[in-house]
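Below is one structure, written out as structure tokens; the observations come after it.
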Amino acid sequence: MSELPAVLLVDDREENLLALRAVLEPLPCRLVSASSGEEALKALLLQDFAVVLLDVQMPNMDGFETAELIKGRERTRTLPIIFVTAISKEREHVFRGYSTGAVDYVFKPYEPEILRSKVAVFLELEAKSRAAARSEAILRAAFEDAPIGMARLDLEGRVDEANRALAALLGQRPADLRDRLFDELIHPDDLAARPPGPAFEFEARLLVARGEPVPCLVSGSRARVGAGMADVIVVQVQDPRERRRAEAELAER
């Protein structure tokens, strides 16, 4: 499917849909038309949209009812809705439009440039949301699939999240490590070697589920997340045994 964001146009009159398409075609988006509220709800089950332009006066299910159903679904609860109508200018109708969760209420005849600019704002927001989600997905994959053990701790030293490599090293599942103090995973005799403060690097033996403790190089640093979120401590755990075996084999050769 195209990477362009989609805009859903909902109106029971074909000439109105054609007019909306003519206004919005210059924008970098895909335009999807629906001739009823029922058809719009079906379209929303099949794909995501950046914004919905919704007529108020439609037979069977009007725009207000359609908007309420859109906002009642978990998947589309935050979807922006712009009402576009030639009538229903009464204050109570406008109030009802906004009370259903609409972000704007546009009356016909509308200025094409103004309507286009309103839709362009939501297309830009959608593009930024996609970029942020992609960036977050890349960072999560880099964390989870890292070849060395990694964990994210709160400032009290409890594990918020551990990756698969660390869990495998300890013979446990990532979920089993959550909410545990990271210091509990280190041999008590080695805790004294840990430098004070949120930034540290030291050699320690990690306690595994079965077998002897594993000697590792443990390092950590404080990450300032920002955006009103609490700082975290990112810990890396390197198992030096494989490297030492490789060095020993190389020296023997």
**Request:** Select from segment 72-98 the residues that are over 18 Å from Ser36 (Cβ atoms) and at pLDDT 70 or above and list them in ascending order.
**Result:** Glu74, Arg75, Arg77, Thr78, Pro80
**Asked** Looking only at residues in segment 1-54 that are basic (Lys, Arg) and under 19 Å from Phe122 (Cβ atoms), which one is most open to solvent (accessible area, probe 1.4 Å)?
**Response** Arg21
**Prompt:** Which residues, counting only those in segment 239-253, are within 14 Å of Cys216 (Cα to Cα) and either touching a strand residue (DSSP E or B) at 6+ places or on another chain (Cβ under 7 Å) or modelled with pLDDT of 75 or more (or both)?
**Reply:** Asp239, Pro240
**Message:** Pairs needed: first member in segment 181-198, farther than 13 Å from Glu156 by Cα; second member anywhere, open to solvent by less than 40 Å² (accessible area, probe 1.4 Å) and part of a helix (DSSP H, G or I); C-beta distance under 9 Å; at least 6 residues apart or different chains.
**Reply:** Leu185/Leu166; Leu185/Leu170; Leu185/Leu177
**Prompt:** What's the number of the condition Val208 fails, among (1) open to solvent by 40 Å² or more (accessible area, probe 1.4 Å); (2) in contact with a helix residue (DSSP H, G or I) (Cβ under 6 Å, 6 or more places away or on another chain); (3) part of a loop (DSSP other than H, G, I, E, B)?
**Reply:** (1)
**Request:** Scan segment 123-167 residue by residue and report those that are in a strand (DSSP E or B) and within 21 Å of Met229 (Cβ to Cβ).
**Result:** Met150, Ala151, Arg152, Leu153, Arg158, Val159, Asp160, Glu161, Ala162
**Message:** Out of the residues in segment 118-174 meeting the condition of being over 30 Å from Pro26 (Cα atoms) and of a type in the set (Val, Ile, Thr), tell me which one is surrounded by the most Cβ atoms within 10 Å (Cβ to Cβ).
**Reply:** Val159
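The values are calculated or read from the model by the stated rules, or taken from the named source; none is laboratory data. Quantities reported herein were computed from a predicted structural model and do not represent experimental measurements. No Cβ is skipped: glycine too gets one built from the backbone with ideal geometry, and neighbour counts run over all protein chains shown. For the accessible areas, the whole protein counts, side chains as well, though only heavy atoms, and no ligand, DNA or RNA atoms are used. Shrake-Rupley method; radii C 1.70, N 1.55, O 1.52, S 1.80 Å.
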